[in-house]
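One structure below.
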C-alpha cells in the first residue's frame, strides 16, 4: 500500500509470541521498525525469537507470563512501560483450540479456552487502554491500534466447536464494541478472522486436524506470515484509515 507508514519509534506488545501468528507478527512489526514486547509462557522460545529480531537490527523485550492471571497481565503492561515508556500497538494473538464431542470433552478444556481466548485478551486490553490512549497524543502518527486475532469460527458455528465458537464470537463482538467506543479518540480496534492456518493450534489436541479434514477435505492451509501481513497492513495505515475487520481463508476452504 503506497500510503503505508513505518513504525519507527513505536512499541508493540504481542501475546502468543512464542509460536504461530504471534511470532510471525512480532517479526513483521519489528521489521517495520517497532520495538516489540514478546509475551507468552514459554520463555525459551521467546528468547530465541528475541535473538532473531536483534540479529536483524530490531529491539525485543521478553516477558514470560500467564496472561490468564489478571495480576500477571497488569505486570506485563507495567514492564513494557518501564522499558519503553509507551505502548502504541497491542496484538492479542494468544489462542487455544480444544475441540471435540461435547459429551466427552473435559470441562477443564472448555475453561482453558475461555481463559486464554477471552479472559487473557480482556485483561491485557484493559491494562493497555490508558497507555494506548496516551500514545495517541504523543505520537507523530496520532493513532494507536489494538488488533485481535479471532477466527472464522467467530463468524460461523460448527458441531463439536461450541466453546471455541463462543470465545471467538465474543472476541469479534468485543472488538466491534470497543471500536465504536474509542473511534473518536483515534484508538483503532481491528479483528482478523483466519481460516485454517498452519500453526500449532491444530496440534493442541489430538484429532483436531482429522476432524477439520472430514468437514472440509484436505486444503492448503494459510501460513502464519499471511496473517502477520494482515496485521501489518492494519497498523501501518495512516490515521484516517481504519481497517475494522479482515477475514482470511485458504483459497480451497469453503
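The values are calculated or read from the model by the stated rules, or taken from the named source; none is laboratory data. These figures come from a predicted structure and were not determined experimentally. Here the Cβ positions follow ideal geometry from the backbone for every residue, glycine too, while neighbour counts run over all protein chains shown.
Selection of first residues in segment 228-254 that are on the phi > 0 side of the Ramachandran plot and assigned to a loop (DSSP other than H, G, I, E, B) and of second residues that are modelled with pLDDT of 95 or more and surrounded by fewer than 16 Cβ atoms within 10 Å (Cβ to Cβ), restricted to Cβ pairs under 6 Å at least 6 apart or on distinct chains, gives an empty result. Only one of the numbered conditions (1) more than 23 Å from residue 25 (Cβ to Cβ); (2) part of a helix (DSSP H, G or I); (3) at pLDDT below 95 is violated by residue 153, and that is (1).
Each residue in segment 28-44 was checked for being in contact with a helix residue (DSSP H, G or I) (Cβ under 8 Å, 6 or more places away or on another chain) and closer than 14 Å to residue 62 by Cβ, and 7 of them qualify.
If you take the residues in segment 43-57 that are in contact (Cβ under 8 Å) with a residue 24 or more places away in the chain and in contact with a strand residue (DSSP E or B) (Cβ under 7 Å, 6 or more places away or on another chain), which one is surrounded by the fewest Cβ atoms within 10 Å (Cβ to Cβ)? Per the stated criteria, the residue is 53.
Restricting the search to helices (runs of 4 or more DSSP H) fully inside segment 31-132 and requiring at least 3 residues that are within 16 Å of the chain's Cα centre (by Cα) gives 70-84. Kindly indicate whether residue 136 is under 18 Å from residue 242 (Cβ atoms), outside any helix (DSSP H, G or I), in contact (Cβ under 8 Å) with a residue 12 or more places away in the chain and touching a helix residue (DSSP H, G or I) at 6+ places or on another chain (Cβ under 9 Å). No; evaluated as a whole, the condition is false for this residue. Note on segment 121-146: residues that are within 15 Å of residue 169 (Cα to Cα) and crowded, with 23+ Cβ neighbours inside 10 Å total 1.
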